[in-house]
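Remarks on the structure that follows.
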Amino acid sequence: MKIIYLADIHGDFDRVKRLLASTDAQVYIVAGDLIDRPFFSEAMAARYRNLQSSFSSLQGRWKDDSADLDDFIDTLLKHTDLAVDIREQAAAYRETTVRARRSMQQKYKILESILFLKGTSRILCLPGNYDMDLQYTSLHGRDLHRHWYHVAELRIAGYGGADVTTPGIPNRYAVPYNADRGSSEMTRFFAETCPDIIVTHKPAHGIHDHVSPMGESGSPELRRFCEENQVLLCLTGHIHDQWGFEEFEGTIFMNPSNFGAVPKPGGQVAEGGFFYDIDTRDRQIISVTLSKLVGDKVHDIVVHESTGGQWNKDIVDRERFGALLSGKNCDRREEDENRVPKSDIVQKMRLFFPELATAGATDALAEDVERIAARIEKQFGVAVAVDLLGEDRLTTSRASSVLEVVVYLRRDGDKTGGKHPEEGIGRPGCNDILLALQDAFSSLPRIRVADWIDLNRTAGAIQTHDYECDVAQRFAAYRALARPLCGSAADLVERQLQASPAYRSEIEGTGCAYMEIFRNLAGRAKDMKVFEARLRELGITAPPAFKKKIEAILYGRNETQDQECD
């Protein structure tokens, strides 16, 4: 049996996806830390860390013995004489904590949609100190924390988390670590399950656990259990630079170093990509290879082989081994570390709207679009704006290609609170507007309305910081990619969005998450019925506009026959 073990992912899900595509194993163990932060924007993450730090200090001054910071804040808010500024900060902390949970759960959905692509392999996940308890996420079916699995006559059991408080991770949702303090949940669990292979985030005492300047930081109970119970293999992580392969008292201990790219002090980045490829036969470990994923290619670095009861070590890539030994990057260029990448939302949008037009191909249509918009505005008393879903290219678009646009509508004096577009269809006059738009754009054969956005609802979501508003998420995504053709109504709302950069980053991140999930699930679904069933399992509903794109791009539907406006 082949086992691939990777640890400390730190949100580098794209690299996980490439590893799954580049390797083939019966079992993959993807161990914590799975995510890097519980938000999509650094601004939100920094705000939350500051709130945590402020209330942790206050908890110390009050000499409150609550183990959980959230419990302390709940108690704090019961005081009737609490200062107004502290009450406001406490309310902000609670609101941001809820947002953190939602963001974390969305990130685990992305990872689940990626792991779903490797349908023939068993893939297990262990949370670290950056993670929440996976039983409350879409990864619950793969959760290795306090769970065991029998694979090819080997029993694999895991215990995640670590005895550290991780800044920026909500205390309430962090994985409880109940070990190394007297009565140990971890060792009781391992004693009950009798595993051949143990997977933990925190290392064993004295093995891959040195932290400067404290010294050894690993778990004495884990070390003792492995020594006394003939554990075949103990897989750990957590301390990135304490990587290696060691055998003690019959147990092989391994830490592959970080798989995801991780920031280091001084602004540098540890490039990551490391994992172990483990071969077993007849309940024994026969060979172990430390490998590195660079781009889409796997490079073997060190091979350990068992011969006659002894382990032989062969360094097959001395350059990469030397770089890892010295803590230097080998495959990540300095300019790559410092460059500012294109917006993720733009990259994800291009997956769904690949036909990007040139200015020359669309300038002639702009006048027609503006004329139609003016006619609708006059007829129905609404503000209309139209964006082309594309950006300038040096080449000329094919004459037969369809140019997709998004239409924005604003109804002045709308007292409905900006309902969801599907709910808004029934409002007086709204059906007439949509039918008139559909009819008007049908006279332009190269134009297709991909989606329409209710600007009233979008503006309301921005004002109240509604992170779950799918219309606001689509608005942010379209405005990131699109080129305005006519109308200023959408510009006014975008300026409102720009005034709240943290909110914009969060909803763009959420939009990216959904688009990545749509793409990953569609990669394995044979039809829309299967695709939508899988979405329901994740608790997601795809907007109609993106359902059409998925059908068209991935299942061969002829979009040019579908000209309706949602």
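Against the conditions (1) in a loop (DSSP other than H, G, I, E, B); (2) out of contact with any helix residue (DSSP H, G or I) (no Cβ under 6 Å at 6 or more places or on another chain); (3) surrounded by 24 or more Cβ atoms within 10 Å (Cβ to Cβ); (4) hydrophobic (A, V, I, L, M, F, W, C), where does residue 6 fall short? Just the number, please.
So the condition that residue 6 fails would be (1).
Quick one: which of 212, 257, 219 is farther than 30 Å from residue 297 by Cα, crowded, with 24+ Cβ neighbours inside 10 Å and either modelled with pLDDT under 95 or hydroxyl-bearing (Ser, Thr, Tyr) (or both)?
Numbers: 212 fails: crowded, with 24+ Cβ neighbours inside 10 Å; 257 fails: farther than 30 Å from residue 297 by Cα.
The match here is 219.
Quick one: how many residues across the stretch 77-95 are in a helix (DSSP H, G or I) and either surrounded by fewer than 19 Cβ atoms within 10 Å (Cβ to Cβ) or touching a Ser or Thr at 6+ places or on another chain (Cβ under 7 Å) (or both)?
Step one: list which residues in the stretch 77-95 are in a helix (DSSP H, G or I), which gives 84-95.
Remaining after also requiring either surrounded by fewer than 19 Cβ atoms within 10 Å (Cβ to Cβ) or touching a Ser or Thr at 6+ places or on another chain (Cβ under 7 Å) (or both): 84-89, 91-92, 94-95.
Total meeting the criteria: 10.
Answer yes if at least one residue in the stretch 36-44 is out of contact with any Ser or Thr (no Cβ under 9 Å at 6 or more places or on another chain) and either part of a loop (DSSP other than H, G, I, E, B) or open to solvent by 10 Å² or more (accessible area, probe 1.4 Å) (or both), and no otherwise. Reasoning before the result, please.
Filtering the stretch 36-44 down to residues out of contact with any Ser or Thr (no Cβ under 9 Å at 6 or more places or on another chain) leaves 36.
Next, only the ones that are either part of a loop (DSSP other than H, G, I, E, B) or open to solvent by 10 Å² or more (accessible area, probe 1.4 Å) (or both) stay: 36.
Looking through the stretch 36-44, at least one residue is out of contact with any Ser or Thr (no Cβ under 9 Å at 6 or more places or on another chain) and either part of a loop (DSSP other than H, G, I, E, B) or open to solvent by 10 Å² or more (accessible area, probe 1.4 Å) (or both).
Out of the residues in the stretch 96-109 that are open to solvent by 10 Å² or more (accessible area, probe 1.4 Å) and within 23 Å of residue 200 (Cα to Cα), state the one that is nearest to the chain's Cα centre (by Cα).
107
Quickly run through the stretch 244-254 and pick out the residues that are open to solvent by less than 50 Å² (accessible area, probe 1.4 Å) and within 18 Å of residue 215 (Cβ to Cβ).
244, 253
Restricting to the stretch 495-519, and then to whatever is over 14 Å from residue 344 (Cβ atoms) and open to solvent by 30 Å² or more (accessible area, probe 1.4 Å), can you tell me which residue is nearest to the chain's Cα centre (by Cα)?
To start, the set of residues in the stretch 495-519 that are over 14 Å from residue 344 (Cβ atoms) comprises 495-503, 518.
Now narrow it down to the ones that are open to solvent by 30 Å² or more (accessible area, probe 1.4 Å): 495-496, 498-499, 501.
Details: 495: 27, 496: 27, 498: 23, 499: 25, 501: 20 Å.
Among residues in the stretch 495-519 that are over 14 Å from residue 344 (Cβ atoms) and open to solvent by 30 Å² or more (accessible area, probe 1.4 Å), the one nearest to the chain's Cα centre (by Cα) is 501.
Which one of these is within 19 Å of residue 40 (Cα to Cα) and open to solvent by 10 Å² or more (accessible area, probe 1.4 Å): 476, 480, 472? Spell out the reasoning first.
On the way: 476 fails: open to solvent by 10 Å² or more (accessible area, probe 1.4 Å); 472 fails: open to solvent by 10 Å² or more (accessible area, probe 1.4 Å).
One residue alone meets the criteria, 480.
May I ask you to verify whether residue 151 is within 29 Å of residue 42 (Cα to Cα) and at pLDDT 90 or above? Give the derivation first.
Values: within 29 Å of residue 42 (Cα to Cα): no; at pLDDT 90 or above: yes.
Criteria not met by residue 151.
Can you name the number of the only condition in (1) in a loop (DSSP other than H, G, I, E, B); (2) open to solvent by less than 60 Å² (accessible area, probe 1.4 Å); (3) at pLDDT 90 or above that residue 241 fails?
(2) is the only condition that residue 241 fails.
Within the stretch 139-146, can one find any residue that is part of a loop (DSSP other than H, G, I, E, B), closer than 18 Å to residue 175 by Cβ and under 15 Å from the mean Cα position of the chain (by Cα)? Full working, then the answer.
The initial filter retains those residues of the stretch 139-146 that are part of a loop (DSSP other than H, G, I, E, B), namely 139, 144, 146.
Now narrow it down to the ones that are closer than 18 Å to residue 175 by Cβ: 139, 144, 146.
Filter again for under 15 Å from the mean Cα position of the chain (by Cα), leaving 139.
Yes; the residues of the stretch 139-146 include at least one that is part of a loop (DSSP other than H, G, I, E, B), closer than 18 Å to residue 175 by Cβ and under 15 Å from the mean Cα position of the chain (by Cα).
Filter the stretch 175-192 for residues that are open to solvent by 10 Å² or more (accessible area, probe 1.4 Å) and under 22 Å from residue 254 (Cα atoms) and give the result.
Result: 177, 180, 187, 189, 191.
Test residue 53 against the criterion of being open to solvent by 30 Å² or more (accessible area, probe 1.4 Å), among the hydroxyl-bearing types (Ser, Thr, Tyr) and at pLDDT 90 or above, and give yes or no.
On the way: open to solvent by 30 Å² or more (accessible area, probe 1.4 Å): yes; among the hydroxyl-bearing types (Ser, Thr, Tyr): yes; at pLDDT 90 or above: yes.
When the stated conditions are applied, residue 53 passes them.
Regarding residue 74, is this residue in a helix (DSSP H, G or I) and surrounded by fewer than 15 Cβ atoms within 10 Å (Cβ to Cβ)?
For residue 74, the condition - in a helix (DSSP H, G or I) and surrounded by fewer than 15 Cβ atoms within 10 Å (Cβ to Cβ) - is met.
Of all residues being part of a loop (DSSP other than H, G, I, E, B) and modelled with pLDDT of 60 or more in the stretch 417-445, which is nearest to residue 380 (Cα to Cα)? Just the residue, please.
From the stretch 417-445, those part of a loop (DSSP other than H, G, I, E, B) are 417-420, 425-429, 442-445; that's our starting set.
Next cut, modelled with pLDDT of 60 or more only: 429, 442-445.
Numbers: 429: 8, 442: 19, 443: 19, 444: 21, 445: 24 Å.
The qualifying residue nearest to residue 380 (Cα to Cα) is 429.
Mind telling me which of the residues 294, 316 ends up being open to solvent by 50 Å² or more (accessible area, probe 1.4 Å), modelled with pLDDT of 95 or more, farther than 28 Å from residue 195 by Cα and among the aliphatic types (A, V, I, L, M)? Can you show your working first?
Details: 294 fails: open to solvent by 50 Å² or more (accessible area, probe 1.4 Å).
Of 294, 316, the one residue that is open to solvent by 50 Å² or more (accessible area, probe 1.4 Å), modelled with pLDDT of 95 or more, farther than 28 Å from residue 195 by Cα and among the aliphatic types (A, V, I, L, M) is 316.
Quickly run through the stretch 113-134 and pick out the residues that are modelled with pLDDT of 95 or more, open to solvent by 10 Å² or more (accessible area, probe 1.4 Å) and either assigned to a helix (DSSP H, G or I) or over 20 Å from residue 202 (Cα atoms) (or both).
122
Just to be sure before I move on: is residue 24 touching a strand residue (DSSP E or B) at 6+ places or on another chain (Cβ under 9 Å), closer than 29 Å to residue 539 by Cα, open to solvent by 60 Å² or more (accessible area, probe 1.4 Å) and assigned to a loop (DSSP other than H, G, I, E, B) in the structure I sent?
Values: touching a strand residue (DSSP E or B) at 6+ places or on another chain (Cβ under 9 Å): yes; closer than 29 Å to residue 539 by Cα: no; open to solvent by 60 Å² or more (accessible area, probe 1.4 Å): yes; assigned to a loop (DSSP other than H, G, I, E, B): yes.
Against the criterion (touching a strand residue (DSSP E or B) at 6+ places or on another chain (Cβ under 9 Å), closer than 29 Å to residue 539 by Cα, open to solvent by 60 Å² or more (accessible area, probe 1.4 Å) and assigned to a loop (DSSP other than H, G, I, E, B)), residue 24 does not qualify.
Could you grab me the full set of residues in the stretch 193-209 that are open to solvent by 50 Å² or more (accessible area, probe 1.4 Å) and farther than 21 Å from residue 29 by Cα? I'd like the intermediate steps shown before the answer.
First pass over the stretch 193-209, keeping only residues open to solvent by 50 Å² or more (accessible area, probe 1.4 Å): 194, 205.
Correct list: 205 only.
The values are calculated or read from the model by the stated rules, or taken from the named source; none is laboratory data. Since the model is a prediction, treat every value here as computed from it, not as a measurement. Neighbour counts are summed over all protein chains in view; Cβ atoms, including those assigned to glycine, are modelled from backbone coordinates with ideal geometry. Just so you know, the surface numbers come from the protein's heavy atoms only, side chains and all, with ligands and any DNA or RNA stripped out. Shrake-Rupley method; radii C 1.70, N 1.55, O 1.52, S 1.80 Å.
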